[in-house]
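The values are calculated or read from the model by the stated rules, or taken from the named source; none is laboratory data. Computed from a predicted model, the values in this text were never measured in an experiment. FYI the Cβ positions are ideal-geometry reconstructions off the backbone, even for glycines, and counts take in every protein chain you see. The protein model used for the area step is the full one, side chains on, heavy atoms only, and it has no ligands, DNA or RNA in it. Shrake-Rupley method; radii C 1.70, N 1.55, O 1.52, S 1.80 Å.
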2 protein chains.
Amino acid sequence: MTVTINDVAQAAGVSKGAVSYALNGQPGVSDDTRERILKVARELGWTPNLRAKSLSSAKAFAVGLVVARDPRLLGTDPFFPAFIAGIETTLVEHEYALVLTVAASADAEEMGYRKLAADSRVDGVILTDMRVDDSRIALLKSLKIPAVTLNRPETSSPFPAVCMDDTEGIAAAVEHLVSLGHTRIGHVGGPQSYIHGRSRRLAWQNAMSKAGLEASSFIEADFTAAGGLAATAELLRSAQRPTAIIYANDLMATAGQSYAQSLGLTVPDDLSITGYDDTELATYLNPPLTTVPADPLLWGRVAAQQLLSLLGGAPAADVYLPSPKLVVRASTGPVPQHAE
Amino acid sequence: MTVTINDVAQAAGVSKGAVSYALNGQPGVSDDTRERILKVARELGWTPNLRAKSLSSAKAFAVGLVVARDPRLLGTDPFFPAFIAGIETTLVEHEYALVLTVAASADAEEMGYRKLAADSRVDGVILTDMRVDDSRIALLKSLKIPAVTLNRPETSSPFPAVCMDDTEGIAAAVEHLVSLGHTRIGHVGGPQSYIHGRSRRLAWQNAMSKAGLEASSFIEADFTAAGGLAATAELLRSAQRPTAIIYANDLMATAGQSYAQSLGLTVPDDLSITGYDDTELATYLNPPLTTVPADPLLWGRVAAQQLLSLLGGAPAADVYLPSPKLVVRASTGPVPQHAE
DNA sequence: AGCGCTCTCTGAACCGGTTCAGTAGATATA
DNA sequence: TATATCTACTGAACCGGTTCAGAGAGCGCT
């Protein structure tokens with residue numbers, strides 16, 4: 001049926017071992033013999049059997065990604081598909097595959113990693129959505145699975161991180177709004193249990209105090225449209241209603257913008273709005289959204305590269321990606337006169 | 001190190017073969033011996049080595065999904081993440097894994113399937129985004145990979161399909177608009193090379209002629225926000241400007257709605273709009289979007305079930321999922337007076 | 001010539017399961 | 001009692017690679 005290394009050995013008149021050495025570019029065969037073996041293998045149309053390779057070399061030639069999200073909300077996050085696509089661009093070049101697991105709960109997430117480990121499905125994993133005190137680090141350490149994290153967790157981690165600073169973009173958003181005369185700039189953040197939820201809030205806080213402003217209007221939301229709406233409603237109800245809101249992602253910003261408009265407010269005349277992610281839709285909203293582009297494609301590509309080089313035995317060193325720059329569109333404008 | 005079937009055999013005082021039979025619930029060992037072997041295996045903490053199983057049983061215990069999309073646009077489609085989550089809910093129950101491939105081009109897509117086949121990474125695949133004359137069917141047939149398709153392709157296909165009728169929802173949208181007095185109802189469709197792009201257009205056409213209306217305002221777009229905007233602009237420029245537009249997905253509808261609003265039109269007073277997908281954001285737009293919920297989670301779950309039972313040797317039979325029903329929100333309203 | 005060394009290659013073990021042919025013993029059949 | 005049948009199990013081959021110990025051949029050096 002399919003041609004095996006045995007067939008090649010027989011056809012070339014050498015032993016299995018010699019064929020293995022020749023095909024893997026290892027020493028142990030002369031150049032002449034190597035050429036001959038390769039030629040025979042080519043003629044016979046031999047292709048390596050990944051399963052056999054996996055068994056004997058104890059490698060899976062695959063990396064894993066466990067996505068812990070409410071499945072119903074997973075579709076709302078534009079980050080993952082693009083991130084996965086980025087991972088793939090690297091993997092295909094190295095004949096690796098991506099094994100994807102979706103987990104609905106924290107338990108399921110842990111089980112996901114445990115299954116990947118127990119079945120040796122993967123040689124390493126990429127950790128996204130790092131949490132402030134992330135139990136996965138200890139888990140993976142105990143499971144002895146190499147990993148790469150997106151951004152460096154606060155917990156001490158033995159795994160290399162691929163870092164993309166999101167504070168600069170948020171700070172730029174604050175500065176941009178301040179330059180437009182805003183002083184009451186609110187922030188609708190993501191869950192503060194996530195390091196990116198927290199770092200964006202801190203970035204907003206720091207930029208605010210740097211500008212001599214009080215960072216008082218903060219609402220912790222959950223990155224969903226529903227959460228964005230609720231947080232916006234709360235901010236707009238408050239006595240010192242903000243004239244601008246910085247959202248931790250585009251989805252919440254869009255929901256907030258729509259909500260504000262439904263109240264009769266005009267964006268940006270009555271309320272300025274910024275997002276984070278720069279989803280495709282952001283450009284096509286009315287008004288188009290001022291936002292900070294995440295670059296999930298690049299992030300995925302580099303994270304996968306990082307993981308593969310870690311698997312190849314390279315020392316674990318963090319990689320820093322360029323900080324994304326604020327993209328100014330029409331959802332931000334001068335502070336309203338009456339609010340001065 | 002890890003405990004193998006050999007260790008169990010030795011500890012139980014039987015042969016490897018007996019252990020294998022016992023662990024797999026196969027005949028060939030007495031109940032007493034089986035019990036004893038299972039007990040020993042449990043005590044020793046034996047877990048099957050998937051790689052060895054894969055090699056000897058020639059199965060991968062994984063299914064594949066090749067997503068062919070421009071990676072940069074992948075994030076805009078809320079379908080995939082939820083669909084994948086649905087697949088996962090089935091797979092975890094059966095100890096199967098999902099191998100995901102992202103392909104940017106048609107060539108890459110074919111390569112994706114070929115690689116999965118050559119490496120025997122998967123035991124079967126799920127085909128989404130069926131095209132009118134879909135080359136993947138012949139490809140998979142030649143590669144001898146079992147498959148399940150989303151909806152039945154027009155090409156004759158040996159693979160079972162999981163069908164979810166989208167025509168009913170579109171027809172309902174037309175009827176809904178007709179009942180509101182609209183007569184000029186346009187359609188912004190997806191690429192007509194996709195069967196779901198085409199079937200939605202046909203559903204619109206049929207419903208229109210059923211209502212005695214002319215289905216003349218059709219623009220073929222590409223499911224992206226940019227495409228939705230361009231198509232909307234074209235429709236609104238036309239002499240017989242439609243008073244309502246049915247979009248083939250929410251993303252285009254949202255972009256269209258924003259564009260219309262940016263022209264100073266009011267939705268739905270000047271223009272009614274419907275989408276397709278019922279993304280989370282649809283509820284939180286201003287106005288909230290009338291749309292047809294796709295149920296990617298269910299679709300994924302059933303497709304995976306279908307594939308697994310196919311792999312288990314069940315005969316290939318199509319499955320029909322309930323047709324999604326139109327969800328009416330505030331983006332549709334009575335036809336404008338002056339347009340009567 | 002004798003020794004050691006390197007280079008090339010072989011044969012077999014090994015990874016951890018599955019599966020099949022064969023056998024011993026118990027049971028049924030005539 | 002002799003024979004056929006069945007059950008329960010063993011031993012070995014097998015899946016398709018990797019890897020290691022060791023055998024010869026060829027070479028240089030003293």
Filter segment B:135-149 for residues that are in contact (Cβ under 8 Å) with a residue 60 or more places away in the chain and more than 24 Å from A:Trp46 (Cα to Cα); the one that is surrounded by the most Cβ atoms within 10 Å (Cβ to Cβ) is B:Val148
Among the residues that make up segment B:2-10, is at least one of them under 43 Å from the mean Cα position of the chain (by Cα), among the aliphatic types (A, V, I, L, M) and within 11 Å of DNA strand C (Cβ to nearest atom)? yes
Flagged in segment B:326-340 as out of contact with any strand residue (DSSP E or B) (no Cβ under 8 Å at 6 or more places or on another chain) and open to solvent by less than 50 Å² (accessible area, probe 1.4 Å), in numbering order, are B:Pro336, B:Ala339
Looking at the structure I just gave you, is A:Val63 aliphatic (A, V, I, L, M), more than 24 Å from A:Gly312 (Cα to Cα) and either within 14 Å of chain B (Cβ to nearest Cβ) or out of contact with any Asp or Glu (no Cβ under 7 Å at 6 or more places or on another chain) (or both)? no
Tally the residues that are hydroxyl-bearing (Ser, Thr, Tyr) and outside any loop (DSSP other than H, G, I, E, B), restricting the search to segment B:115-160. 3
I'm checking my understanding of the structure. Among residues of segment B:246-261 that are within 13 Å of A:Leu285 (Cβ to Cβ) and either small (Gly, Ala, Ser) or without any contact (Cβ under 8 Å) to a residue 40 or more places away in the chain (or both), which one is farthest from the other protein chains (Cβ to nearest Cβ)? B:Ala253
More than 7 Å from every other protein chain (Cβ to nearest Cβ), in contact (Cβ under 8 Å) with a residue 24 or more places away in the chain and closer than 25 Å to A:Asp278 by Cβ: is that true of A:Arg69 in this structure? yes
Residues that are out of contact with any Leu (no Cβ under 6 Å at 6 or more places or on another chain) and within 19 Å of A:His176 (Cα to Cα): does segment A:293-306 have at least one? yes
Under 8 Å by Cβ, and 6 or more places apart or on different chains, what pairs join a residue from segment B:107-121 that is without any contact (Cβ under 8 Å) to a residue 12 or more places away in the chain and acidic (Asp, Glu) with one that is in a helix (DSSP H, G or I) and buried (at least 18 other Cβ atoms within 10 Å of the Cβ)? B:Asp119/A:Leu50
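Would you mind finding the one in B:Leu65, B:Leu91 that is within 15 Å of the chain's Cα centre (by Cα) and modelled with pLDDT of 95 or more? Walk me through how you get there before you give the answer.
Details: B:Leu91 fails: within 15 Å of the chain's Cα centre (by Cα).
Every option except B:Leu65 fails the conditions.
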Restricting to segment B:87-128, give me the number of residues that are open to solvent by less than 20 Å² (accessible area, probe 1.4 Å), more than 7 Å from chain A (Cβ to nearest Cβ) and of a type outside the set (Asp, Glu). 13
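Select from segment A:40-78 the residues that are of a type outside the set (A, V, I, L, M, F, W, C) and within 14 Å of DNA strand C (Cβ to nearest atom) and write down the one among them that is least open to solvent (accessible area, probe 1.4 Å).
Pass one, segment A:40-78, residues of a type outside the set (A, V, I, L, M, F, W, C): A:42-43, A:45, A:47-49, A:51, A:53-54, A:56-57, A:59, A:64, A:69-72, A:75-78.
Within this subset, residues satisfying the condition of being within 14 Å of DNA strand C (Cβ to nearest atom) are A:48-49, A:51, A:53-54, A:56-57, A:59.
Working: A:Pro48: 55, A:Asn49: 81, A:Arg51: 38, A:Lys53: 85, A:Ser54: 12, A:Ser56: 103, A:Ser57: 53, A:Lys59: 88 Å².
Once the filter is applied, the top-ranked residue is A:Ser54.
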Selected residue (criterion: surrounded by the fewest Cβ atoms within 10 Å (Cβ to Cβ)) from residues of segment B:166-189 that are in contact (Cβ under 8 Å) with a residue 60 or more places away in the chain and of a type in the set (D, E, K, R): B:Glu168
Take residues that are small (Gly, Ala, Ser), at pLDDT 95 or above and surrounded by 24 or more Cβ atoms within 10 Å (Cβ to Cβ) and tell me which of the strands (runs of 3 or more DSSP E) falling wholly in segment A:240-325 contain 1 or more. A:244-247, A:272-274
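Would you please name the residue that is least open to solvent (accessible area, probe 1.4 Å), looking only at residues in segment A:12-39 that are within 26 Å of B:Leu143 (Cα to Cα) and more than 7 Å from DNA strand D (Cβ to nearest atom)?
So in segment A:12-39, the residues within 26 Å of B:Leu143 (Cα to Cα) come out as A:23, A:38-39.
Checking the rest, the ones that are also more than 7 Å from DNA strand D (Cβ to nearest atom) come to A:38-39.
Working: A:Leu38: 59, A:Lys39: 111 Å².
Out of the qualifying residues, it is A:Leu38.
Looking at segment B:193-208, which of its residues are within 17 Å of the chain's Cα centre (by Cα) and open to solvent by 10 Å² or more (accessible area, probe 1.4 Å)?
To start, the set of residues in segment B:193-208 that are within 17 Å of the chain's Cα centre (by Cα) comprises B:193-200.
Hits for segment B:193-208 are B:Ser193, B:Tyr194, B:Ile195, B:His196, B:Arg198, B:Ser199, B:Arg200.
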All-but-one check, A:Asp222 against (1) part of a helix (DSSP H, G or I); (2) within 14 Å of chain B (Cβ to nearest Cβ); (3) closer than 25 Å to A:Asp134 by Cα, failing number (1)
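Consider B:Ala215 carefully, then state whether it is surrounded by fewer than 24 Cβ atoms within 10 Å (Cβ to Cβ) and either in contact with a strand residue (DSSP E or B) (Cβ under 7 Å, 6 or more places away or on another chain) or of a type outside the set (D, E, K, R) (or both).
Values: surrounded by fewer than 24 Cβ atoms within 10 Å (Cβ to Cβ): yes; either in contact with a strand residue (DSSP E or B) (Cβ under 7 Å, 6 or more places away or on another chain) or of a type outside the set (D, E, K, R) (or both): yes.
Answer is yes for this residue.
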Which pairs do you get when a residue that is more than 7 Å from every other protein chain (Cβ to nearest Cβ) and on the phi > 0 side of the Ramachandran plot, found in segment B:276-290, comes within reach of a residue that is open to solvent by less than 10 Å² (accessible area, probe 1.4 Å) and among the polar types (S, T, N, Q), reach meaning Cβ atoms under 6 angstrom, with the pair 6+ apart or on two chains? B:Asp278/B:Thr291
